[in-house]
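The values are calculated or read from the model by the stated rules, or taken from the named source; none is laboratory data. Remember, predicted model here, so these are calculated numbers, not experimental data. Neighbour counts are summed over all protein chains in view; Cβ atoms, including those assigned to glycine, are modelled from backbone coordinates with ideal geometry.
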Amino acid sequence: MTTNNNEIQKHQPQIKVSIDRLTVVGDFPTDLFMDHYYKWQREHDFVRESGQGLQVVDTTQYVNTGEDVPQEQVAYMEIPKFQKDKLRLDFNPNHGLQTPGGQWLLDLIARIENKHYSRGDFAFDIFNEPRAKLYRIWKFGVSQSVFMGRKREMQTIYYGSPKSGQQIRQYNKLVEQKTKGKELVDIDSWWRIELQLRTGKVDDYPRLVKEMLADFYIPE
């Protein structure tokens, strides 16, 4: 991802809110999925085999660039383990849905019966505000796992158990992007706080997001 002046005001503090990931699970005959497994790959160049399932990729991003770079994933789908006649799809609703693969994905989701969200990741990106690293989640009984960088500076904190229906992650997104070799413009600092919800908690996200933000502060 390249961030430019049209997205971030030059060196000015800014907060962006997004849904970073959604997981949809619904009824879809396993036999029908297996029948279409290779057919979809033959008919659509944006459908590829991946792991135990299929991925949908963005085939438009690198057209005519001459660059030998992998195409970005729009979505991943597979049959959930030990669940017959179910299909699970993971995707970022902010990325790739306008591409041919994304439009095909939306059509597939519309045909899935009795679907529901089994996971949702809600992200708050804080740009050019160095004090963001001083904020913490302060809530009684919530466990914390802290990971430090090479200079003994906090890089990532996990709040809560990964096995629970709710977990919060706070991390230095700027360091992560630079490690991946991403080009960044006019960004001095970039911290992200993510709320990850699973199962029935996803539908209650407005209340849970508000509670998370209320617990995110610098003590006096």
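At a glance:
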{"quantity": "Unique residue being of a type in the set (D, E, K, R), assigned to a strand (DSSP E or B) and at pLDDT 90 or above when the list is ASP20, ASP31", "calculated": "ASP20"}
{"quantity": "Condition met for ASP85 (of a type in the set (Asp, Glu) and over 22 Å from TYR171 (Cα atoms))", "calculated": "yes"}
{"quantity": "Given (1) closer than 30 Å to THR59 by Cα; (2) under 19 Å from the mean Cα position of the chain (by Cα); (3) at pLDDT below 90, index of the condition SER161 fails", "calculated": "(1)"}
{"quantity": "From PHE147, PHE82, residue being outside any loop (DSSP other than H, G, I, E, B), surrounded by fewer than 17 Cβ atoms within 10 Å (Cβ to Cβ) and modelled with pLDDT under 95", "calculated": "PHE147"}
{"quantity": "Residue among GLY141, GLY102 that alone is outside any strand (DSSP E or B), without any contact (Cβ under 8 Å) to a residue 60 or more places away in the chain and under 18 Å from the mean Cα position of the chain (by Cα)", "calculated": "GLY102"}
{"quantity": "Failed criterion for LYS139 (all others in (1) at negative phi; (2) crowded, with 19+ Cβ neighbours inside 10 Å; (3) in contact with an Asp or Glu (Cβ under 9 Å, 6 or more places away or on another chain); (4) not aromatic (Phe, Trp, Tyr) hold)", "calculated": "(2)"}
